[in-house]
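Colleague: This is the structure, below, for whatever I ask next.
What follows draws every value from the coordinates through simple rules; no lab data is involved. For clarity, every value in this text was computed on a predicted model and none was experimentally measured. Positions of Cβ are generated from backbone atoms using ideal geometry, with glycine treated the same way; all protein chains shown enter the neighbour counts.
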Amino acid sequence: AAGYPIAIDGPSGSGKSTVSRQVARELGLRYLDTGAMYRAAAWAAQRAGVELTDEPAVTAVVRAMKLEMPLDPDQQVISCEGEDITAAIRAPELSRVVSQVAVNLEVRAELIARQRAIIAAHPDIVVEGRDITSVVAPDAPTKILLTASEATRLARRAREVRGSVAPAALAATRAEVSERDAKDSTVASFLEDRDGVVTIDSSQMSIADVVAAVRALAQGSR
Ligand code: C5P
């Protein structure tokens, strides 16, 4: 199928994980969550007792890291160094520090190489992240930038992480999200368009609508 791989980038709260998994399910494709790989890298460095600002030490840990990424959209148990880290890598404390690891260019090179190897072995895949359309798989026939207004992204994140969109929950979430996006945009320009990348603004769309739009693009580029 020439419409694959499908590369999807977007900021946090854009809905890209939900959409990417659903597209993979519906089209019978594999699914790779590259954000989880950066989260695993931060987890591994912390477990090794390494300061996240100590770039050479973090790089050494990540190069040696035994990480098993699930590629089934319905089975997303992530295992690192033999431990189930599925829940641990979603903890707010880890979300706060993951960008520190993601700005390490040697870490990025290592994870990008692993991502490319997975894509080469399984081209029938939906890959989501921040730099997939630009760096990891710029030749993917289907490339999508999923965006949403700041208010929409904030409300989605607050609901997801705090189970509430009350003012206090929104304020706390705003601090986290904007800080992380600001850090992330120093390494990958996921907030702007480039050639061959179709932008979908999901602010006024349901998940089903976005999934249908992505499917149509993949099928159209076949
Ligand atoms: O998508 P998710 O929120 O799980 O990503 C966690 C972090 O991993 C991001 O905030 C970013 O720092 C990093 N990341 C990245 N490049 C990717 C995917 C994620 O730098 N392709």
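Colleague: For a quick check, take a GNM of the chain with Cα springs below 10 Å and name the residue from Gly163, Gly129, Gly28 with the largest mean-square fluctuation.
Modeller: Between Gly163, Gly129, Gly28, it is Gly163 that shows the largest mean-square fluctuation.
Colleague: So for segment 17-139: antiparallel DSSP bridges make up what percent, rounded to the nearest 5?
Modeller: Of all bridge pairs located within segment 17-139, approximately 55 percent are antiparallel.
Colleague: A further question on this structure: For Ser79, what residues show an amide H to amide H distance below 5 Å, using hydrogens built from the backbone and excluding near sequence neighbours?
Modeller: HN-HN under 5 Å from Ser79: Glu68, Ile85.
Colleague: Another question, then. Sort Thr152, Thr53, Thr34, Thr86 so the one with the fewest other Cβ atoms within 10 Å of its own Cβ comes first.
Modeller: Thr53, Thr86, Thr152, Thr34
Colleague: Between Ala87 and Arg174, what FRET efficiency comes out of the Förster formula 1/(1 + (r/R0)^6) with R0 = 30 Å and r the beta carbon distance, rounded to 0.05?
Modeller: 0.75
Colleague: Any idea what Rg and Dmax come out to for segment 94-222 if you just take the C-alpha atoms, in Å?
Modeller: 16.1, 47
Colleague: Only residues of segment 111-146 count here: report those whose backbone N is under 20 Å from the spot 7 Å along Cα→Cβ of Ala212, or say none.
Modeller: 144-146
Colleague: Mind listing which GluC sites (Glu not before Pro) in segment 9-104 are in a DSSP loop and have 12 or fewer other Cβ atoms within 10 Å?
Modeller: Counting only loop positions with at most 12 other Cβ atoms within 10 Å, the GluC sites (Glu not before Pro) in segment 9-104 are Glu51.
Colleague: I would also like to ask the following. Taking neighbour counts of Cβ atoms within 10 Å as a proxy for exposure, in what order, fewest first, do Ile8, Ile118 appear?
Modeller: If I rank by nearby Cβ atoms, fewest first, I get Ile118, Ile8.
Colleague: Of all beta bridges DSSP finds with both residues in the chain, what is the antiparallel percent, to the nearest 5?
Modeller: 25
Colleague: Could you work out [θ]222 nm for the chain from helices alone, using -39500 (n - 2.57) per DSSP H run of at least four and dividing by all its residues? Round to the nearest 500 deg cm²/dmol.
Modeller: Rounded to the nearest 500, the figure is -15500 deg cm²/dmol.
Colleague: Taking segment 42-131, which trypsin sites (Lys or Arg not before Pro) meet the DSSP loop condition and have no more than 16 other C-beta atoms within 10 Å?
Modeller: Lys66
Colleague: On a C-alpha basis, how far is the centre of segment 83-142 from the centre of segment 31-75 in Å? Whole number, if you could?
Modeller: One Cα centre to the other: 9 Å.
Colleague: In what sequence do Ile207, Ile119 fall when counting other Cβ within 10 Å, fewest first?
Modeller: So the residues, fewest neighbours to most, are Ile207, Ile119.
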